[in-house]
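The values are calculated or read from the model by the stated rules, or taken from the named source; none is laboratory data. Because the structure is predicted, anything quoted here is derived from the model rather than measured. Neighbour counts are summed over all protein chains in view; Cβ atoms, including those assigned to glycine, are modelled from backbone coordinates with ideal geometry. Each accessible area value is taken on the protein alone, full model and side chains, heavy atoms only, with ligands, DNA and RNA left out. Shrake-Rupley method; radii C 1.70, N 1.55, O 1.52, S 1.80 Å.
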Amino acid sequence: MLKQNSIIVGIVGGVLSFIWAYDHIPLYNLSFLPYGIRAFFVIDSVISILAGVVMILLFKLAYIKILYILNLVYWWINYLLLTLTRVLPAPLIGKPLPNTGGPALIAFILDILLIIVSTVIVYMSG
């Protein structure tokens, strides 16, 4: 039963990671952002896809617990970057980013869900 639950949780986490990447890749095309931030969105999306693959492979990689701890840390970092850049000056821009309802809201919700799923995965993996 535990193995079946870990497969389901891993697939849900992987799909959420892919949706998060899908939400962020188009941000590269925002021409008003500096190139460094646009490149960050692409790199962050690629890392998100890799994190999703690792979550989906939970049933095979559960013995490598450090992967899932790093995954949890990654989602916390994304959450903190998203929330803190709405209050504090964003890197390379020098001012807080606007509070928008589009990709930022989707990312905020997905970050919270991914932190929950990643926490469950860390707990289940070891």
Check: Scanning for something part of a helix (DSSP H, G or I), over 18 Å from Met124 (Cβ atoms) and either among the aliphatic types (A, V, I, L, M) or open to solvent by 50 Å² or more (accessible area, probe 1.4 Å) (or both), does segment 86-99 turn up at least one residue?
Finding: no
Next item on the list: Check segment 80-87 and report whether any residue there is farther than 21 Å from Ile43 by Cβ, at pLDDT below 80 and among the hydrophobic types (A, V, I, L, M, F, W, C).
Entry: yes
Notebook entry, point to check: Just a yes or no: is a residue in segment 11-23 free of Cβ contacts under 8 Å to residues at least 24 places away in the same chain and of a type outside the set (Ser, Thr, Tyr)?
Noted result: no
Check: Out of the residues in segment 60-69 that are assigned to a helix (DSSP H, G or I) and surrounded by fewer than 15 Cβ atoms within 10 Å (Cβ to Cβ), which is modelled with the lowest pLDDT?
Finding: Lys60
Notebook entry, point to check: Restricting attention to segment 17-43, and to residues there that are small (Gly, Ala, Ser) and in a helix (DSSP H, G or I), which single residue is surrounded by the most Cβ atoms within 10 Å (Cβ to Cβ)?
Noted result: Ser17
Check: How many residues does segment 34-66 contain that are out of contact with any Gly (no Cβ under 6 Å at 6 or more places or on another chain) and more than 18 Å from Trp20 (Cβ to Cβ)?
Finding: 10
